[in-house]
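To start, the structure itself, in structure tokens.
Read the figures in this text as sums done on the coordinates, not as results from a lab. Because the structure is a prediction, the values reported are computed rather than measured. Please note: Cβ atoms are built from the backbone with ideal geometry, for glycine as well, and neighbour counts cover all protein chains shown.
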Amino acid sequence: MPDTGSFFPPFGAPYAPDDGAIAAALLPHGRLDAARESRIDRVAGGLIEAIRANDDPLGGVEDMLREFALSTKEGLALMVLAEALLRVPDAATADRFIEDRLGQGDFVHHETKSSAFLVNASAWALGLSARVIQPGETPQGTIGRLAKRIGAPAVRAATRQAMRLMGSHFVLGETIEAALERAHSTSGPRYSFDMLGEGARTAADAQRYFNAYATAIDAIGGSTDDRPLPDRPGISVKLSALHPRYEAVSGERVLRELTPQVIELARFAKRHDLNFTVDAEEADRLELSLDVFSAVLADPSLAGWDGFGLAVQAYQKRAPDVIDWVRDAAAAHGRRLMVRLVKGAYWDTEVKRAQERGLAGYPVFTRKAMTDLNYVACAQQLLALRPRIFLFAVTRTRFIQRDMSLPFFRP
């Protein structure tokens, strides 16, 4: 089994510390001076004005977001649908999901403000759907049978079209080739590519994901220019997609079986001089993820390459401790590492698991203000570690590998 403890101690930090103590420690570092606040406002305002001055740069998504703001139930339901419908395996499941999601928003009473025809049509379709498809009602129900028989298929088709409008902005393509083609149509941003729905359930699933990652690395590497790191694209890899038992109780087996695979993928990325990011997992998998990361980092074949890194989730209360650990790991190996700082991705799961266990606290913040505060503090922490640590902000893009024949992808 790879030795992860020869150079520095394994990661350890309190799992769910008290929010109040964290806030007291972070607040003195979360305030920006007036000059910096003003500079941030100018840059942000300029970016927004540039986007809105462009001729529909987001393919209609800007109008959609104006119609259904993310601060409303309707907007949240749309965002859930936009991503989830793209990976629902069959039409029947998609219909049931639409019934459930549309019940969460007041689309019936929504007054359309946009002049864009597509948004008007989508708003009408969503409002009609909320009338026709009531929460819990099935197509076989007796109530509204005539209306369903006449109008439901068209309503569902219109709803899916509205969701694809949103999804086309946040998901670049169904294959890595399609995602690369769209990415190359824009100038300026660097992209980090990842797949939707990663999560192996069998060894065969894990092998297919490994092959998909390897293929994607070759495709990305073959399509990029000759700029050096860090100004190059990359790929994000979920460790839970590469092993069917990626859990703490199987830690020794995971280290033994998974580490060589991650090293092999990292060597592919090094060959193309790409950024290779170990993506974030749930809090219960944090120690295991860092053990695998440590073992891969120690491999001599990756020496001299600055593209290896990981994602840190600011909504996790242990994020500052993870950054300290990464700093020590980089120094111990004489390496430069890349870190992508994100807000977080598994909030519902983290909270529910903590509740099921009867824990007194949560491993993640339950208030957005605390996540924002921790994000600022973590960003400052990382920026202070330059050049040993490179904090990179990328346009993170997703693609769906539909030809993998996994059960949660649409065939």
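Just a few scattered comments:
- With contacts taken as Cα pairs under 8 Å and at least 6 residues apart, the range 289-350 reaches a relative contact order of 43 percent.
- For the range 222-320, averaging the sequence separation of C-alpha pairs within contact (under 8 Å, six or more residues apart) and dividing by the residue count gives a relative contact order of 34 percent.
- Count of Lys pairs (Cα-Cα under 22 Å; at least 8 positions apart or interchain) in the range 230-382: 10
- The string of couplings for the range 361-377 from the Karplus curve (6.51, -1.76, 1.60, θ = phi - 60°) is x, 10, x, 10, 6, 9, 10, 4, 4, 6, 4, 4, 4, 5, 4, 4, 5 Hz, one whole number per residue in order, with x for Gly and Pro.
- Placed amide H near Met195: partners under 5 Å, 5+ positions off or other chain: Phe399
- Amide proton proximity set for Arg190, modelled H, under 5 Å, gap of 5+: Thr395
- Cα gyration tensor shape of the range 216-277, rounded if a/c is under 1.5, else prolate or oblate by comparing a/b with b/c: prolate
- Here the Debye sum runs over all C-alpha atoms of the range 224-364 as equal scatterers in vacuum, and log10 of I(q)/I(0) at q = 0.11, 0.16 Å⁻¹ comes out as -0.42, -0.86.
- Estimated translational D of the range 300-348 in µm²/s (Stokes, Kirkwood radius over Cα pairs; 37 °C; 0.692 mPa s): 277
- With R₀ set to 45 Å, the beta-carbon distance separating Thr202 from Arg367 gives a calculated FRET efficiency near 0.70.
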